[in-house]
Amino acid sequence: MAFEVLPGTGLALPRGADVLRFGSSEREARWAVATLADVRGTWVCGTGWAFTARYEGLELLAYGDCPDRLGRTGHDRHGLAAVHLGRYEAEPTGPSAVPVVLRGVDLFGYPAAEVLEALGPGPHPGVTLPRAGSPTGHYLPEVRLAATP
């Protein structure tokens, strides 16, 4: 019953809901999340579509169909391009109700310093974690996943 960060692939949803796979259509992505939570449309600059959903104290933002604004060949992102999973609290001071796991480490289950030390320097392609500004004892507020070229 956890979210699992799958670098280069996407995000496995809890309760066997499905996997949000990079490159999937808006309809496929919405359907996967709708089996778990109420999906609401939103707007993200430079994207063709975006939606949010809340589940057990976490907020998920997914968006896709992102054209390359510099006109570079092969840099357009068709389908699901990114997923952000964050906590409602700006500075969480305890573990989340649902684990968010990357390579066996619960990102939101332990203080930020411990999580970052356990993960090491990477590489974690397409995964962004806040590295600075997390006071001792505070927990990570979010993880961002992006499709890698």
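The values are calculated or read from the model by the stated rules, or taken from the named source; none is laboratory data. Every value quoted in this text rests on a predicted model; they were computed, and no experiment measured them. Positions of Cβ are generated from backbone atoms using ideal geometry, with glycine treated the same way; all protein chains shown enter the neighbour counts. Calculation scope for accessible area: heavy atoms of the full protein, side chains included, ligands and nucleic acids excluded. Shrake-Rupley method; radii C 1.70, N 1.55, O 1.52, S 1.80 Å.
Results, tabulated for the structure shown:
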| quantity | calculated |
| --- | --- |
| Residue count for region 4-31, restricted to those that are more than 22 Å from residue 108 (Cα to Cα), open to solvent by less than 40 Å² (accessible area, probe 1.4 Å) and not in a loop (DSSP other than H, G, I, E, B) | 1 |
| Close pairs (8 angstrom Cβ cut-off, 6 or more residues apart or separate chains): among the aliphatic types (A, V, I, L, M) in region 39-52, loosely packed, with under 11 Cβ neighbours inside 10 Å and part of a loop (DSSP other than H, G, I, E, B) anywhere | 50/43 |
| Region 101-130, residues that are closer than 18 Å to residue 11 by Cβ and in a helix (DSSP H, G or I) | 115, 119 |
| Failed item, numbered, when residue 56 is tested on (1) open to solvent by less than 60 Å² (accessible area, probe 1.4 Å); (2) touching a residue at least 40 places away in the same chain (Cβ under 8 Å); (3) in contact with a Ser or Thr (Cβ under 9 Å, 6 or more places away or on another chain) | (1) |
| Single unsatisfied condition, residue 98 versus (1) closer than 18 Å to residue 144 by Cβ; (2) open to solvent by less than 30 Å² (accessible area, probe 1.4 Å); (3) outside any loop (DSSP other than H, G, I, E, B) | (3) |
